[in-house]
Every structure is written in C-alpha cells, then in structure tokens.
Amino acid sequence: MTSTHHSITRNLGYYKNEGGTYLIEIRLTNVSQIFNSFDPSPFLEKDLDEDAESYIVQSVSEFTLKTPLKLVFYLPKQGRDRETQILPEAIHNYFDYRKHNAARELRQTLRRGRISLIIGLLFLGLCTSISKLITLFSDGTFANILTEGLLIVGWVAMWRPLEIFLYDWWPVHRTQQVFDKLSSIKIDIRTV
C-alpha cells in the first residue's frame, strides 16, 4: 500500500471555490488509502491515516469556522465500490469520535484549572497569613525579605491556574470546533 503522504495532492494554500464553497481536495488510488492500514476495526469505525487526518485538519483550520467547505475525494473509476459509497459516513464517524475526545480533553483541562486555582488560592492565603504573622512578631530587614519572598512565592503559585484559564483551554476548544465542523462536512466523491 502506498503511503498516503505521497498520494495526497496538496494545493499549498490554494483552494478551489465552487459557488462560495471552498474545496479540500484529496486524490486517492483506492479508498483504503485514507485509513490507517493497521486498524482492524470495521470500515465505518476505522481511524484515518495520520497524514490524511493532519492534511484535512490543517486545511480546515486555515479557514474561519463559518466558511463553507467541502471535502472532495478523487478516485479512479475502477476504485469505486461499496467502501466508496460509505466513505462519507466513515469520515463523519471518525471526526465525531475525535470531537468527543476533544470535548473530554477540554473538560479535563478546565477541571485541572479549577483544582489548580483552589490549590493556588489556598497556598497564596497560607503565604499571606505567614507573612502577616512574621510582620507582627518581627520588624527587621530579614523579616521584610522573608515576607516579600512569601508573597512572591504565593503569587507564583497562581501562575499555573492563570496559564490554564488564559492560554491552555482555547486551543483545545478550537480543535473541538474544527472536529465538529468535520463531523458533518459535505463530502463529494469524484472520478478521475
């Protein structure tokens, strides 16, 4: 079996437009080429080939989510069989599965953010309390350095929850949206 990486024709940033819909085009010699050859699952549940998935996801990611897109597979006439007829359903099933995985990853990221926030706030509160106690019982240079150090360490502990809530969640959410779009994208199969 030929590697999909070599058989997919990339348009390198240029996408055909048919009636306001941009085409993501893939040329195949046979339908099985788009799927992972090591996956023993039934056809409708097979994983996509890694290169094929990467190409499709990267192509869709180049557009806004509202841009009308269509996947177009080009196959030779002799390559058309029952698998060709159910190819759209298999592609939709795969990306629906990936969408649910991305949703689970987003929930886990946000959960980790909430737990990190609670831990960070508790640690910041502890550092602030210890700092206040030190200022009550001591008023020297060393005490000032120690109290400032505790406040800095307490705020540093807040970095991880802030990182999650400011930066980590949205790439996962964007990926989920791309998979959602792909789970219902229009698919055409054309002969060459």
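Collect the residues in the range 27-40 that are open to solvent by 40 Å² or more (accessible area, probe 1.4 Å) and not in a strand (DSSP E or B), keeping them in residue-number order. Full working, then the answer.
At the first step, the residues of the range 27-40 found to be open to solvent by 40 Å² or more (accessible area, probe 1.4 Å) are 27, 29-30, 32, 36-38, 40.
Correct list: Thr29, Asn30, Ser32, Asn36, Ser37, Phe38, Pro40.
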In the range 43-85, which residues are open to solvent by less than 30 Å² (accessible area, probe 1.4 Å), outside any strand (DSSP E or B) and among the hydroxyl-bearing types (Ser, Thr, Tyr)? Tyr55, Ser59, Thr67, Thr84
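I'd like the residue in the range 13-26 that is open to solvent by 60 Å² or more (accessible area, probe 1.4 Å) and under 25 Å from the mean Cα position of the chain (by Cα) and, out of all such residues, is farthest from Asp51 (Cα to Cα).
My answer is Tyr22.
Of all residues in the range 86-106, how many are among the acidic types (Asp, Glu) and either open to solvent by less than 40 Å² (accessible area, probe 1.4 Å) or in contact with a Pro (Cβ under 6 Å, 6 or more places away or on another chain) (or both)? First the steps, then the outcome.
Quick first cut of the range 86-106, residues among the acidic types (Asp, Glu) only: 89, 96, 105.
Among the residues that remain, those that are also either open to solvent by less than 40 Å² (accessible area, probe 1.4 Å) or in contact with a Pro (Cβ under 6 Å, 6 or more places away or on another chain) (or both) are: none.
So the count comes out to 0.
The values are calculated or read from the model by the stated rules, or taken from the named source; none is laboratory data. Please read all numbers here as calculations on a predicted model, not as lab measurements. Every residue, glycine as well, gets a Cβ built from its backbone with ideal geometry; the counts of neighbours run over all protein chains shown. In case anyone asks, the SASA skips ligands and DNA or RNA and just uses the protein heavy atoms, side chains included. Shrake-Rupley method; radii C 1.70, N 1.55, O 1.52, S 1.80 Å.
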